[in-house]
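Okay, structure first, notes after.
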Amino acid sequence: MVPDYLRELENCTLCEWRCSVNRLAGERGVCSIGIPEVAAAMLHPAPPQSYTIFLAGCNFRCLNCQNWEIACYPDSHEPVRGFVDPAIMAEEALAAIRSLKGRMIGADRIFFSGGSPTPSLPFVEEVVKEARKRDRSVKVNYDTNGFMTEESLARVLAFSTSITYDIKAYHDDVHRALTGAPVAPVLRNAAEIMTHAREKLWEIRFLVVPGITVDEVAPVAAFIADIDHTIPFNLLAFRPNFILEHHPPAIQYLMEEAVREARKAGLVNVRVHGYPGVAGERPGEHQSPGAEGGAALARRIAEGAGCPAGVRDCGSCGLQQDCPIKTYRARRSV
Ligand code: SF4
Ligand code: SF4
């Protein structure tokens, strides 16, 4: 018996792919998932400290995914916890936050992540509702790649205390080459949050991928600074992962350059996270985009992993349900 709150999955338009498939009848959209399933859930010490619920599945197919086992579910064939009754999930989260370990790490909220939580939005809302029945003051963080409809964003803003928001690139060709999705909805939703829900925005995150997103730091930072130069901008250092398992990590020099670029664009609240501990005084091979450019390099790497698309657009791709990227198995991860 399918609960009423999942009925909208009979015609799923939760994210900007707007697949209109009946996920409850076995049809699959870009995210490939049916009913929402929890991959794992645990206390997590990274700010904002939380009880983090990782939802299986994702509406992006990022070459650099660090959680590919979860994001590519079910095609990854990795084990997940599965569907969990929202009331049980809520009680578990509250108990963990109140536990000695939860208090020791300063956990004060339920953090929804993935994969991407957007294909599981009705489940997320139900967990929040159940949690707030038990504790009206519990905080909630929504971790997102931004690729949701305006309607879904309004729903997220209605329950979120904080939002952690990824912008992978500013230019559409780089964003598509890296994620398989267009950038316009991501920038539109980021602008909406920065303009109308600034108090909810914990930070905007940007992954510095040598040779691919290095030249995107300045335009992303300028885009943010144009709206609000005080928005926290968190630069993350790439480590070899998934399709990019043989790609070089971001060296210290590159991260320092990225901070300088972001500040030059006008941002005053720039930080670095996931510091690679990879020394380097000068951009080495592949650290800077070569003549080829970041989008072309990412496309070439995707092609090497089996994606034949000249312009990656997973929503319209004929291989969507038979996608070599979703079944890729990284042999190496950091
Ligand atoms: S990709 Fe988005 S619109 Fe398509 S089925 Fe998944 S959540 Fe729904
Ligand atoms: S093969 Fe198609 S669905 Fe798979 S990543 Fe490439 S464009 Fe996207």
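The values are calculated or read from the model by the stated rules, or taken from the named source; none is laboratory data. Because the structure is predicted, anything quoted here is derived from the model rather than measured. Methodologically, a virtual Cβ is constructed for each residue, glycine included, from the backbone with ideal geometry; neighbour enumeration extends over all protein chains shown. Accessible surface is based on the protein model in full, side chains and every heavy atom, while ligands, DNA and RNA are left aside. Shrake-Rupley method; radii C 1.70, N 1.55, O 1.52, S 1.80 Å.
Worth a mention:
- Carbon plus sulfur fraction of accessible area for the chain, probe 1.4 Å, in percent: 51 percent
- Restricting segment 2-81 to trypsin sites (Lys or Arg not before Pro) that sit in a DSSP loop and have at most 15 other Cβ atoms within 10 Å of their own Cβ leaves Arg18, Arg81.
- Residue ranking by accessible heavy-atom surface, 1.4 Å probe, largest first, among Phe83, Phe238 comes out as Phe83, Phe238.
- The sum of -39500 (n - 2.57) across all DSSP H runs of n ≥ 4, divided by the residue count of the chain, sets its helix-only mean residue ellipticity at 222 nm to -9000 deg cm²/dmol.
- Size of the chain as Cα extents on the principal axes (Å, biggest first): 56, 44, 35
- Solvent-accessible area per residue, Å², over the chain with all protein chains present [probe radius 1.4 Å]: 42 Å²
- Across the cross-link table entries Lys133/Lys200; Lys133/Lys326; Lys264/Lys326; Lys200/Lys264; Lys101/Lys129, which are compared at the Cα atoms, the separations over 32 Å belong to Lys133/Lys326; Lys264/Lys326.
- Taking the C-alpha atoms of segment 1-166, convex hull volume expressed per residue in Å³: 109 Å³
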